[in-house]
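To start, the structure under review is shown below, and the notes come after it.
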Amino acid sequence: MSAERNHMELDALIRLLDEPDQMIYGKIREKILLYGTEAIPRLEHAWDNSFEGIIQDRILEIIHRIQMENLFVELGRWRMLESHDLLRGYFLISRYQYPDLREKDIRDQIDQIRKDIWLELNSNLTALEKVQVINHILFDIHQFSGNKTNFEAPSNFFLNEVLQTRKGNTLSLGILYILLARSLDMPVFGVDLPQYFILAYADLEYEGALEMVRDDEVLFYINPFNRGAVFTRREIELFIRQMKITEQKSFFIPCDHLTIIRRAMEQLIHAFEKSGNPQKAEELRKLNQALD
């Protein structure tokens, strides 16, 4: 079937969106959904030119459904084929709230910060000195900080909002820190510590199999929420005792990107629940199944 004929049939279906019979409308809706993302520009055009509330509502619902189904597929593809790309995974989460978000725009903003850090680095610096450079550029020059007044707000989880407001939570700031460090070949990785996402600077030249990393290969830990403060294993052990939880090996060693993105999804679900938006929380639960 030619593209022109496809468009003609799609436009004909869109003109029927004022159908009062719910059963007939349901069939029209399902046919439009089959067009996938191809239908979105024509649906948006129809919305702009319609003045009937029911048609506009139906168009918005169909567009949202298409975007959700496409995002589910993209997340599944990322899990299967692209989980090496942490930025791509986190971008997809941000696109739940901002479906028109462009990945290139996000990458360009992060690359500008990376260049600022790169200019201050040299091969003679120690691991600790390199981290001090990142901290200076990220927290002093670009003025990123932890959102301590609205810690659990959903906005803290969307990378574009973090880059715009310069505020985030332990996870979003931690992911940004990892992206910058890894783009500069620094062995900085996430650590899946309960209730508090931290980073590890490992004595490694490449990522390799993270499950094989020993905790004695971690040189030190980094708290991105506290302006990149550096600390040792002893502080983690003290935190675990204070929280009264059973110590596990995973609390001290790097985790993979899939673990980080799953954690981001779970915490975002919790954030929407606490903010009184159970519908978004339920949608994210369905999306989260793409990561299983």
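Each value in this text was obtained by applying a stated rule to the coordinates, not by laboratory testing. All figures in this text were calculated on a predicted structure; none of them were measured in a lab. Glycine also receives a Cβ, built like all others from the backbone with ideal geometry; neighbour counts cover every protein chain displayed.
Spacing of the modelled spin labels on ASP111 and ILE24, each 7 Å from Cα toward Cβ, amounts to 5.3 nm.
A simple spin-label model places pseudo-atoms 7 Å from Cα toward Cβ; at MET8 and LEU101 they are separated by 4.0 nm. Cross-link check: pairs LYS104/LYS249; LYS244/LYS280; LYS167/LYS274; LYS115/LYS167 evaluated at a Cα-Cα cut-off of 30 Å; pairs beyond the cut-off: LYS104/LYS249; LYS244/LYS280.
Counting only residues at least eight positions apart within a chain, or on another chain, the aspartates and glutamates with an alpha carbon under 16 Å from that of LYS148 are GLU161. With a Förster radius of 45 Å applied to the C-beta separation of ASP185 and GLU69, the computed FRET efficiency comes to 0.75.
One equal scatterer on each Cα of the chain, no solvent, Debye formula: the resulting log10 I(q)/I(0) at q = 0.08, 0.10, 0.14 Å⁻¹ is -0.43, -0.63, -1.03.
Across the range 69-84, rounded Karplus estimates of 3J(HN,Hα) from the backbone phi angles (6.51 cos²θ - 1.76 cosθ + 1.60, θ = phi - 60°) give 5, 5, 5, 4, 5, 5, 5, x, 5, 4, 4, 7, 10, 10, 5, 5 Hz, Gly and Pro being marked x. Taking amide hydrogens as placed 1.01 Å from N in the peptide plane, the amide H of ALA229 sits under 5 Å from those of ASN223, each at least 5 positions away in sequence or on another chain.
The peptide list 176-184, 43-51, put in order of mean Cβ contacts within 10 Å with the highest first, becomes 176-184, 43-51. Sorting the segments 67-75, 30-38 by their residues' average number of neighbouring beta-carbon atoms within 10 angstrom, most packed first, yields 67-75, 30-38. Model label sites at HIS45 and PHE220, defined 7 Å from Cα along the beta-carbon direction, differ in position by 5.9 nm. Applying the Karplus relation 6.51 cos²θ - 1.76 cosθ + 1.60 with θ = phi - 60° to the range 181-196 yields 3J(HN,Hα) values of 5, 5, 5, 10, 6, 9, x, 10, 9, x, 10, 7, 7, x, 6, 8 Hz, where x marks Gly and Pro.
Here's how it looks for VAL218: its modeled amide H is under 5 Å from those of ASP203, which are all 5 or more places away or on a different chain.
If the segment from SER123 to LEU34 were pulled out straight at 0.36 nm per residue, it would be longer than the present Cα-Cα gap by 26.6 nm.
If you bin all the Cα-Cα distances of the range 45-156 at 5 Å, starting from zero, the percentages per bin are 2, 9, 12, 13, 15, 14, 13, 9, 5, 3, 2, 2, 1, 0. Rounded to the nearest 20 debye, the dipole size of the chain about its Cα centre is 580 debye, using +1 on the Cβ of Lys and Arg and -1 on the Cβ of Asp and Glu. For PHE151, no residue has an amide H sitting under 5 Å from its own, ignoring neighbours fewer than 5 places away on the same chain, with H placed 1.01 Å from N.
Between GLU237 and SER145, residue separation times 0.36 nm minus the direct Cα-Cα distance comes to 30.6 nm. The phi torsions of the range 275-280, fed into the Karplus equation with coefficients 6.51, -1.76 and 1.60 and a -60° offset, translate into couplings of 8, x, 10, x, 5, 5 Hz, rounded to whole numbers, with Gly and Pro shown as x.
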